[in-house]
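Where a number appears in this text, it was derived from the coordinates with a stated rule and is not lab data. None of these values were measured; they are calculated from a predicted model. All Cβ positions, glycine included, derive from the backbone under ideal geometry; neighbour counts span all protein chains shown.
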Amino acid sequence: MRKTRSCFQSFRSISGGAFLTRRGSALKGALGEDGDGMKLFAAQSKEALLALAEYEKRGIGEDVFLATMAFMARFSAEAFARRGRVEWTWGWWFPRQLALKEFRLGSLEYEMTEGAAFGGAPAGGEVKRIFLHIPADADLADGAVDASLAEARAFFSKYFPEFAAAEYVCESWMLSPALLTIMPRTSRVRRLCERFSIVFWEEDSPAFRDWIFPMAVTAPAEELPEETSLQRAVKKHLLAGGKVGWAEGILKG
């Protein structure tokens, strides 16, 4: 309790809500040594209450708030599954949710951006885009994805009308063109990939391993697990000299 109380005192001394847009650098400095990230977890949990007040001010439902902030529980649980202890290593990303820039709407998450890097081009300019993110627990059935997209379009039109006409984009291993050849047409991952027009493919990126083989990220291809149909298909593809990488695309239609 004393550690948490000290953490909140440091948080209050430099925050006052500023952390919502300052990406946490000042807060992390004030917290001092934080090897497992749990000081930051506690402070950002406190910040979430400030975000809740902003949700209420804007009239955004509590259901959206709870779904969005569940990001913390999801990645804490993932850390426990991987390393056998709870850690908070995603504090660098979470300011997006705290600043009401990213929301969980149904199966998927949506992030409002302006001038963000995309399609192999660096950041800059004023182009508004909504980045679609795919949580590990997302239901990728066609109906669930359709419902999420419909909810997102209605949500941004109502609460952030300046993004009503923004294009929807995504960057993920799930957009890799390789999936169109190695996964069957019935694959939900493949069907999600087919929703996008690919504009950039970093085929040598190893980032896909974090998501497809989270327990064997650095293992040689021949030692990769084969517990799921996706893992088996990707492993076979890699052993044959194929690549997966990371791709970016624009939502069709």
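Here are the numbers for the structure shown:
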quantity	calculated
Sequence ranges 93-101, 245-253, ranked by mean other-Cβ count within 10 angstrom, highest first	93-101, 245-253
Whole-angstrom gap from region 32-81 to region 116-183, using each part's C-alpha centre	22
Beta bridges by DSSP in region 68-201, antiparallel share as percent, to the nearest 5	80
Ratio of Rg to Rh over region 77-155 (Cα coordinates, Kirkwood Rh, two decimals)	1.03
Convex hull per residue volume in Å³, alpha carbons only, for region 61-114	89
Computed FRET value (nearest 0.05) for E167 with A136, which takes r as the C-beta separation and R₀ as 22 Å	0.30
Cubic angstrom per residue, convex hull over Cα atoms of region 23-108	90
In Å, descending, principal axis extents of the Cα set of the chain	56, 42, 33
Estimated distance in nm for a label pair at K57 and I250, the labels positioned 7 Å out from Cα along Cα-to-Cβ	3.5
Label point at D36 placed 7 Å out along Cα→Cβ; residues across region 48-78 whose backbone nitrogen lies under 16 Å	73, 75-78
Three semi-axes of the equivalent ellipsoid, region 189-228, Cα gyration tensor, whole Å, largest first	23, 14, 8
Sequence ranges 229-235, 114-120, ranked by mean other-Cβ count within 10 angstrom, highest first	229-235, 114-120
Cα coordinate range in region 137-198, projected on the principal axes (Å, largest first)	40, 22, 17
Charge dipole (debye, nearest 20) of the chain; +1 at Cβ of Lys and Arg, -1 at Cβ of Asp and Glu	540
Hydrodynamic radius by Kirkwood, which averages 1/r over all alpha carbon pairs of region 102-207, in angstrom	14.7
Semi-axis lengths, Å, region 148-250, gyration tensor of Cα atoms, sqrt of 5 times eigenvalues	31, 13, 13
